[in-house]
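A short write-up of the structure that comes next.
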Amino acid sequence: MSAAEYVRNPDLVILQRRLFAPTYMGPGKWVIYDTSTRRSHLAVRSEDDVRTKDIPRVLKYLIDDWPHSNNLPRCIVDQLLHAGLVVECDTRATSPKRPENFLSKFQRIVHDYPFVDYSSPEAYQFDRALMAEYADESEMPSIWTKRTGKSITLPDVSWSDLEAGTQGRDFDLNGLASVLRFSFGQIGSFRVPGGERVRKANPSGGAKHPTEGWLEMGHSWCGIQPGTYFYDPENHALVQTETQTPASAGAGLTLSVRSRLERAMWRYRDPRSSRAVLFDAGHVIENLFILLRFLGTDAYLHPGRLLCGFGADDFREPELGRIDIPIDNSPLGLSPVYHGSAANTTEQDIGEPFVLNPFAYFTLKNGGLTGNIAYPKHRRVDLSPVEFSILTHCIPSSRGAPSRSRDRYTTTKDIVEAIPCSSEADIERLESNGLLLRQTHASVLWPQVRRWAEKGWYLPLLAWTEASTPAGHAVPTEREASNGRSISGLTDIAKPLRKRITSRSFTDQQITSSRLRSIIQHSLVADSSVSTATLFIAPFKISGLPAETLHYWDNVNNQFVTTENRATVDDIVRVTIGQGWVRNCAAMIWLMSTIDTGCPRHYVSPHVLLGRIAQRVALLSTTHELGVFQTPATLDADLAALLGCEPSPDTLSYSVAIGATSRKAAV
Ligand SMILES: Cc1cc2nc3c(=O)[nH]c(=O)nc-3n(C[C@H](O)[C@H](O)[C@H](O)COP(=O)(O)O)c2cc1C
């Protein structure tokens, strides 16, 4: 076969090495990454490339109008084939079409993720050693973030405020205090080797509890001035921020549900872990809804805008959900539109250096090279090899600024001098498309981006950037009301909120199928307008449901439907990456949903939905004196095979094991 009979691997993306692999200290500015195999290649310049001031040869082979201008020797083609950088026409190149965005690629990257296999005790030792290494490197972030600003202490609340008969009052400051305290505040604590962890009303991966609440008020209410406030759970206070207040005064209260990512990132340094923080937010959002509903207050959920304003606070605490609470006859459920705060991109200083946009990644299309960004605008731009050389030249030093050395000066004049055949027009085009940023703008973004990159979260950042609703845009229209939602099955809400813990040991006691049915039925919060959930159930100790059978839940007729498939205890342990905690459970429930990667704005919704359902399962099980264990760590392909489903990168699953428990919670 000649080069013409191969195509460039369509799953490749070209990424900035400093952001993809920030701890690597050797040469090479670009990484070629296969999003379907997770294989990465460093593109390094040969001595000849350095002498001719060229980009690495391997990139030249790939981006130079493949295959027409490539009269490549057979040995080079073989090397490219061997590395998976080119493929035979009839293999991956013709696989089913997926949206051409990063989100779609990201789902493939995190699909069937190669988790550590916890079936061996060494895995836990490895985990502990890794955490010790991380701790040597940097202090574990506290789960309480110190907030600075004017602080307003909220009224004291107690569990008796949640007793039956206390609901239905007007929503006032006491109500708000209860909602915030019991959703974000500490409920208890538990010991782990080497320390103590905080317990809240929701479970949280590694007990990191990254989910936070900000309160936005368009007008004064109960003596509190309009503004944006952090809820400070440690001091049960609102702390005024300098963040811009929503433009639409009079729209009631909005709870912006955020995630303080550094807490989760410190422990989980892989792209798949970004999923857990979205589930975490779903758990907290459900608590907020349950409490608001208990207090007789309407509430409307809108999907979070993720990085929205692209300010420092948004990078540190992206928004994963917005809950509007209408008060004092304010308009119902109108989530405010933000104005301004997106960085100014129309810098006029022609002498100012340029820097490559940290959100830029490159794909191979139509024989050439395409530059892609989702911030400050969504752009997909075909690039010439010269333009790519310009962008390579403008990769900043490790500090995010052009280096002091002469060859890296990056004003228009410097670039034209340094890059053969480049012109001012090329630079103008790259700037107008957002691939090149002015130094002032880039130096604000780079430190924020690096924070994610240093913890191995650059790929989620690219995906989340694409799924963000930028400042100045109305939030997506999806709206879920709390008022139609039943909290039946949860008449005493204080007990489950207070007593919920994660169970890692189950007893042999059987559970009746009617009890399991009741838990599932009451757990299914109304599907959101963009996401639906499907539940599969593997019973092991459920009277009336034979062990090792497999069922799905018929949401219309509220019944289990038996499938032809079967699942053994070994199967469920295996798909739960060997975590033996689930071995003795009475039933394993898989909550499943689908991500529509063609519609990035709706990316957060199915995650939040599954988190909300899992929180309900946890609270209802606690009411029934049952224990729950939950994890998103699943072998996706094995789970699909077990359930008899087609494996898809866009399928989202969340595993929830329930069973009778001695309530001895291991860690
Ligand atoms: C999204 C998510 C993922 C989790 N993943 C695991 C897991 O893989 N293994 C595990 O042992 N516990 C897991 N947990 C449980 C947490 O470790 C547990 O919630 C945390 O230690 C706090 O304990 P508590 O739930 O008893 O308050 C997870 C919890 C959540 C919400």
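The values are calculated or read from the model by the stated rules, or taken from the named source; none is laboratory data. All figures in this text were calculated on a predicted structure; none of them were measured in a lab. No Cβ is skipped: glycine too gets one built from the backbone with ideal geometry, and neighbour counts run over all protein chains shown. Heavy atoms of the whole protein, side chains included, go into the accessibility calculation; ligands, DNA and RNA do not. Shrake-Rupley method; radii C 1.70, N 1.55, O 1.52, S 1.80 Å.
A few remarks follow.
- Working note: Karplus 6.51/-1.76/1.60 with θ = phi - 60° gives region 275-290 the couplings 5, 5, 6, 6, 4, 4, 4, x, 4, 5, 4, 5, 4, 4, 5, 4 Hz, where Gly and Pro are set to x.
- Between 359, 411, 422, the Cα set farthest toward the positive side of the dipole of the chain (charges on each charged residue's Cβ, about the Cα centre) is that of 359.
- Net charge over other residues, Cβ less than 9 angstrom from the Cβ of residue 43 (K, R count +1; D, E count -1): +4
- Expressed as a whole percent, the accessible surface of region 606-667 that belongs to carbon and sulfur atoms is 54, based on a 1.4 Å probe.
- Taking every DSSP beta bridge that has both ends in the chain, the antiparallel portion is near 95%.
- Within a straight-line Cα-Cα reach of under 27 Å, residue 377 can be paired with the following lysines, leaving aside sequence neighbours fewer than 8 residues apart in one chain: 29, 97, 105, 365, 413, 455.
- The Cβ shell under 14 Å around residue 546 holds other residues with a net charge of 0, Lys and Arg each +1, Asp and Glu each -1.
- Listed values for region 448-454 are Karplus-derived 3J(HN,Hα) couplings in whole Hz (6.51 cos²θ - 1.76 cosθ + 1.60, θ = phi - 60°), namely 5, 5, 4, 4, 6, 4, 4, and x replaces Gly and Pro.
- Expected-Rg normalisation [2.2 N^0.38 Å, Cα atoms] applied to region 501-660: 0.96
- Alpha carbon centroid spacing (whole Å) that separates region 170-212 from region 576-602: 23
- For region 48-56, 3J(HN,Hα) per residue [Karplus equation, 6.51 cos²θ - 1.76 cosθ + 1.60, θ = phi - 60°, Hz, x = Gly/Pro]: 4, 4, 5, 4, 8, 6, 9, 6, x
- Amide hydrogen neighbours beyond the local backbone of residue 304, cut-off 5 Å, H modeled: 321, 322
- Distance between region 350-392 and region 453-467 - C-alpha centres, whole angstrom: 18
- The residue list 587, 626, 525 was ranked by how far each Cα lies along the charge dipole of region 501-660 toward its positive end, using unit charges on Cβ atoms, and 626 comes out on top.
- Bridge type composition, region 501-660 - antiparallel percent by DSSP, nearest 5: 90
- Angle in degrees between helix 458-467 and the longest Cα principal axis of the chain, rounded to the nearest 10: 70
- Summarising the amide proton neighbourhood of residue 659: residues at separation of 5 or more, or on other chains, whose placed amide H is nearer than 5 Å comprise 586, 627.
- In summary, the lysines within cross-link reach of residue 499, defined as a Cα separation below 19 angstrom excluding same-chain residues under 8 places away, comprise 200, 208, 664.
- Amide H to amide H distances under 5 Å link residue 259 with 212, 320, where only residues 5 or more positions off or on other chains count and H is placed in the peptide plane.
- Solvent-accessible surface of region 501-660, taken per residue with a 1.4 Å probe and all protein chains present: 33 Å².
- Across the chain, the longest piece that holds none of the trypsin sites (Lys or Arg not before Pro) lying in DSSP loops with up to 12 other C-beta atoms within 10 Å covers 405-663.
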